[in-house]
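Structure record follows, encoded as structure tokens.
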Amino acid sequence: MRVVTTGEVARDPAHAEAVLVVKELTVEYGEGVGAVVAVKDVNMTIGRGEKRGVVGESGSGKTSLARAIPGLLGRSGRVVGGSIVVASTDLRALSERASAQVRRTAVSVVFQDPLNALDPVRSIYSQVAEAIRLRRPGGRHLRRPRMRSAIGALLEECEIADVARVMKQYPHELSGGMRQRVAIGMAIAGDATLIIADEPTTALDVVTQSEILHMLDRVVSQRSAALLFITHNLAVVSEFCDTVSVMYGGRIVEEGSCRDVVRQPVHPYSRGLIGAIPTIAGGRRELVGIPGDPPSLSDLERGCRFEPRCYLGHGVQVCCAQVPGLDDVPAMGSSRSVRCHLIDRSSGGGLGPAAA
Amino acid sequence: MAHTIRARLSGAIVTLFIASVAVFVILRMLPADPARLILGPLASAAALQHERAVLGLNQPLYVQYVDYVVGFVHGNWGFDYGTGAPVLKEVVTRLPASLELGFYAMLFAVIGALAGAVASVGARSRVVDSVCRAVAFVGLGSPPFWIGLMALVLFAEYLHVLPGPVGRLGVGVSAPPATTHFYTWDALIAGQWGTFANAMEHILLPALTLGLAPFGYLFRLLRHSLREVSDEDFLLVCQGKGLTRWQALMRHGVPNALLPALTALGLLVAQLVAGSVLVEAVFNWPGVGQLVVNSVLAREYGVVEAFVILSALAFIAVNLIVDSLYVVIDPRLRRPSVI
């Protein structure tokens, strides 16, 4: 029924057709002087079957990015620049009605907090049925017995055991993990080519987390859909994403294949992030955090957003005065790019105070 | 469930008891002599004494109360001092007029408040929001009889677009054949379009006047809860499924926002009953409220007592209905979480 593509061809962004192309995306909240730029000039291309992780602290703009793509920024947020192309349709040019149509067929979202993700007064049956009716071609005409079996199959795919019982239940009768499974079920009810998961496991306990992640990984792979996975947890990203973008202060600061970035981070911020993860095997070492707080995004951007907290660039003139570009680091392989003034791009990306 | 019903019923009985005792004692403390009112200013002392004995006014207060309650339960609600007609009959003949007025007032309040809340929150319309808030403010802050008078002055006196305070129908228009005793409905059933239009014309102003305060209350409540619901994640999830923002709000936002407003319904009915007394007097509406005003002025014990007890009963009934509706609508109450 569905084409199952495994293997490296589909995973290699260079070979795969692009499912999502984001160009120069800028998102703002509020208006006038108090406006906050949550996402600034983000470029991102995700190919079919690719799993892209986006990591960063709270306030780095990752959730705004995840919500801007399907057009779900809410009352105060809005996209002020750039383009979002999904399945060769520019979503920014669409009306509310037409972008709802795109969300029906092409893009699915799984949100962070499963406890609030479901309508509290509707049964699971009614909510999943709504998703099937909206998302599946011909789903509108499914009669009750066939709808039941369709919902059953969907929930079983999300590893829900007692499907018949869960269907009759209401959200408050399910655990957080179960609710997230239902939410994922609704997200994969159609043939979405892009699935956006915004910290889908953050609110869950560790065991449930890994079960849900594996399940998500499996259903996304089976559909050879593209996945945009937002998290603050680098360990999770390194477990099952192909590529990763590190966000800081609304900008992407480092990008590359997941394995390489985790093994050998280049940007001082990525280094800080990875240095803050304890390892079991590596013996005792001091965990290095990142001093200071994330930047206030309502301030004007003068130089590198990370400069005040950076162990390399703090006080360095170029870092204070000029916004660094996201440039390739050829020495680190084909797909690595980093937004930093101070790295030596020719020699293995080794961090040296090249400019000083 | 059985426990809840028992608790509610005992609460209802206590409410009824307190309301009836209060109205009974207060009326007995008024400086008026029913015997004198019945027999007139020229009656002899002996006749008055005899009449008091017949009415039981010589008995201790608690005996009178027990007699009254027993009589009330048996449908003997006393009689009108002026006409001698039984109170029960008077109330029953006037009740449909009050119910019809209350129905349209509530209809206006609920539909108006819902439409206003959805428009100001859902459509993010500042104009609708400001207008509705202003109307709600006026409705909550002004006595309904004053609003009624002003409306009459404006629409009947100056603009001549609506009839003045002449009751349920215009002069020369006869009542439609009685089926439901609501003139508007009966006229529709009988296919008398002219009568229907006339009845509508006459009920419009009193219903709007009576419904204004409940509208204000409901609008503020719904606006608030709809705002809160519209920030909930599940509405975004619904939009993520492919509903437009508007569809998500109507299908999932409004039902959730209605829940807190349901509790207010009982309160609103009380407000409606209280408001109806003076609004009916202003619009010369032949309902129970007008009867009560006249009865208070004439010191008619029976009517006022019956009215207070009936109002308490209505209040209790509405609250019971609301409580059971909650259980039907909100699954969290129907099946409490075990997790």
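The residues of the range A:99-122 that are touching a residue at least 60 places away in the same chain (Cβ under 8 Å) and either at the interface with another protein chain (Cβ under 7 Å from one of its Cβ atoms) or β-branched (Val, Ile, Thr) (or both), listed by number, are A:Arg104, A:Thr105, A:Val107, A:Ser108, A:Val109, A:Val110, A:Phe111, A:Asp113, A:Ala117, A:Leu118. A:Arg165 - would you say it is surrounded by fewer than 23 Cβ atoms within 10 Å (Cβ to Cβ), free of Cβ contacts under 8 Å to residues at least 12 places away in the same chain, within 11 Å of chain B (Cβ to nearest Cβ) and not aromatic (Phe, Trp, Tyr)? In short, no. The combined condition, being in contact with a helix residue (DSSP H, G or I) (Cβ under 8 Å, 6 or more places away or on another chain) and more than 14 Å from chain A (Cβ to nearest Cβ), is fulfilled by B:Val288. When the range A:299-349 is filtered for residues that are surrounded by 15 or more Cβ atoms within 10 Å (Cβ to Cβ), modelled with pLDDT under 75 and more than 28 Å from the chain's Cα centre (by Cα), only A:Asp344 remains. Candidates in the range B:307-329 are the residues that are out of contact with any Ser or Thr (no Cβ under 9 Å at 6 or more places or on another chain) and of a type in the set (Gly, Ala, Ser); of these, the one that is modelled with the lowest pLDDT is B:Ser324.
Number of residues in the range B:305-329 that are farther than 15 Å from B:Thr4 by Cα and surrounded by 19 or more Cβ atoms within 10 Å (Cβ to Cβ): the value is 8.
Within the option set B:Arg223, B:Arg227, being more than 14 Å from chain A (Cβ to nearest Cβ), out of contact with any Asp or Glu (no Cβ under 7 Å at 6 or more places or on another chain) and in contact (Cβ under 8 Å) with a residue 60 or more places away in the chain holds for one residue only, B:Arg223. If you go through the range A:221-259 and keep only what is buried (at least 24 other Cβ atoms within 10 Å of the Cβ) and β-branched (Val, Ile, Thr), you end up with A:Ile230, A:Val237, A:Thr243, A:Val244, A:Val246, A:Ile252, A:Val253. Looking only at the range B:246-255, which residues are free of Cβ contacts under 8 Å to residues at least 40 places away in the same chain and surrounded by fewer than 23 Cβ atoms within 10 Å (Cβ to Cβ)? If the condition is that a residue be free of Cβ contacts under 8 Å to residues at least 40 places away in the same chain and surrounded by fewer than 23 Cβ atoms within 10 Å (Cβ to Cβ), then B:Gln247, B:Arg251 are the ones that fit. Of the residues making up the range A:172-188, those that are at the interface with chain B (Cβ under 7 Å from one of its Cβ atoms), within 14 Å of A:Ser123 (Cα to Cα) and surrounded by fewer than 24 Cβ atoms within 10 Å (Cβ to Cβ) number 2.
Can we say B:Leu259 is more than 27 Å from A:Thr63 (Cβ to Cβ) and at the interface with chain A (Cβ under 8 Å from one of its Cβ atoms)? Yes; evaluated as a whole, the condition is true for this residue. In the range A:76-98, the residue that is nearest to the other protein chains (Cβ to nearest Cβ) out of those that are in contact (Cβ under 8 Å) with a residue 24 or more places away in the chain and of a type in the set (Ser, Thr, Tyr) is A:Ser76. Scanning the range A:119-137 for residues that are assigned to a loop (DSSP other than H, G, I, E, B) and buried (at least 23 other Cβ atoms within 10 Å of the Cβ) turns up at least one hit. Note on the range A:25-37: residues that are over 16 Å from A:Ile84 (Cα atoms) and either of a type in the set (Phe, Trp, Tyr) or in contact (Cβ under 8 Å) with a residue 12 or more places away in the chain (or both) total 6. For A:Ser83, are the conditions met, namely being closer than 20 Å to A:Thr202 by Cα and at pLDDT 85 or above? It is false that A:Ser83 is closer than 20 Å to A:Thr202 by Cα and at pLDDT 85 or above. In the range A:107-118, the qualifying residues are those that are out of contact with any Phe, Trp or Tyr (no Cβ under 6 Å at 6 or more places or on another chain) and surrounded by 22 or more Cβ atoms within 10 Å (Cβ to Cβ), and the one that is farthest from B:Lys241 (Cα to Cα) is A:Pro114. Answer yes or no as to whether A:Arg135 is away from chain B (no Cβ under 11 Å) and of a type outside the set (Ser, Thr, Tyr). Against the criterion (away from chain B (no Cβ under 11 Å) and of a type outside the set (Ser, Thr, Tyr)), A:Arg135 does not qualify. Look at the range B:17-42 and say how many of its residues are of a type in the set (Gly, Ala, Ser) and surrounded by fewer than 16 Cβ atoms within 10 Å (Cβ to Cβ). Number satisfying all stated conditions: 3. Could you say whether any residue in the range A:92-109 is of a type outside the set (S, T, N, Q) and more than 28 Å from A:Thr26 (Cβ to Cβ)? Looking through the range A:92-109, none of the residues is of a type outside the set (S, T, N, Q) and more than 28 Å from A:Thr26 (Cβ to Cβ).
The values are calculated or read from the model by the stated rules, or taken from the named source; none is laboratory data. All of these numbers come straight from a predicted model, not from anything done at the bench. Cβ: placed from backbone, ideal geometry, glycine included. Neighbour counts: every protein chain shown.
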